[in-house]
Each structure stands twice: as structure tokens, then as C-alpha cells.
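Student: Before I ask anything, let me first share the structure, which is written out below as C-alpha cells.
The values are calculated or read from the model by the stated rules, or taken from the named source; none is laboratory data. Since the model is a prediction, treat every value here as computed from it, not as a measurement. Backbone-built Cβ (ideal geometry, glycine too); neighbour counts: all protein chains shown.
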Amino acid sequence: MIEIVNGDRCIGCDICVKVCPRDVFDSGADGLAVIARKSDCQTCFLCELYCPVDALYVSPHAEVDDRVDSEELIAQNLLGSYTRHMGWSRGKMGGTDKDPTRQLRGFNRVGRENEKVTPEAEGQGAGGRG
Ligand code: SF4
Ligand code: SF4
């Protein structure tokens, strides 16, 4: 669950406000992000991935309030650690964007659709089994 917006690091870019699928953040009066609807967080880590200054910390514990301390997280180099582990840097993609899984699923789906609608494919399938 989202735990921290570090106000010293946040530059008010609003990226987390835009990428959060659960509308957890608001832009505060000072322009910095604030956690407005914490209990709506689904622990997807998108905000942490996209934050360009490593100002966010999402705890891997989805159901409990972790009550982490910002200074401790910095001391342990944990602010933005999920982002680094995923190979991203300063909000820029660095590895997971090249994961071919989505494309492979697309190919498989098209393949199945083609088998269904192409008589030749049906004939080949029957021949192969017989
Ligand atoms: S972890 Fe996901 S749901 Fe939670 S605040 Fe970040 S982007 Fe929103
Ligand atoms: S993405 Fe990071 S820098 Fe941008 S508003 Fe959110 S916390 Fe602040």
C-alpha cells in the first residue's frame, strides 16, 4: 500500500496523480502530491515506477498500514527501490517495457482466431489428428 510521499523530493509533476488507476493522489495546495485516498490503493507500484525523483514508497504489504518513516527509508536506500529493482530509472522505462508477454498473448489470440475462421486451418488440424 502507498505509504509515503516525500515532500522534500516531490517536484509536483502530477505524474502519480495521473497514472494511479485508483485515484489515490490529489495535487495539494502547494502543488505537491498528497495521499488522499490511501485505502483505495491496490499496491500496483505504478506511482513509484513513474515518479521521476523517487519520492514515493509503496509497501509490499497490501492489507496493513506499514507506518514507515521517510528518513529511515532514505537511510536504507528504500525510497524508489522497487523502481530500481525493475530496471527503471528516474521515471524512465528500463526493462519491463521490453517484456514480450503482452505481445506473445496477442499473437496467441490472433492465432486461435485464425484457426477458428480459416477452413484450411480446420482441415489441417483434422488431418494432423487423423
Ligand atoms: S500503488 Fe498503484 S494504486 Fe497504489 S497509489 Fe500507487 S499507483 Fe495508486
Ligand atoms: S510523481 Fe513523484 S514528483 Fe511527481 S507529483 Fe508524484 S510524488 Fe511528486
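Yes or no, residue by residue, for (1) touching a strand residue (DSSP E or B) at 6+ places or on another chain (Cβ under 9 Å); (2) within 16 Å of residue 10 (Cα to Cα); (3) at pLDDT below 90; (4) not hydrophobic (A, V, I, L, M, F, W, C):
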| residue | (1), (2), (3), (4) |
| --- | --- |
| 36 | yes, yes, no, no |
| 56 | yes, yes, no, no |
| 62 | no, no, no, no |
| 66 | yes, no, yes, yes |
| 73 | yes, yes, no, no |
| 89 | no, yes, yes, yes |
| 96 | no, no, yes, yes |
| 107 | no, no, yes, no |
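Student: Please specify each residue of the stretch 18-34 satisfying the condition of being within 12 Å of ligand 1 (Cβ to nearest atom) and crowded, with 18+ Cβ neighbours inside 10 Å.
Tutor: Those that are within 12 Å of ligand 1 (Cβ to nearest atom) and crowded, with 18+ Cβ neighbours inside 10 Å: 20, 24, 25, 33.
Student: If a residue counts only when it is within 11 Å of ligand 2 (Cβ to nearest atom) and farther than 17 Å from residue 81 by Cβ, which strands (runs of 3 or more DSSP E) contained entirely in the stretch 1-62 have at least 3 such residues?
Tutor: The qualifying strands (runs of 3 or more DSSP E) are 25-27, 33-35.
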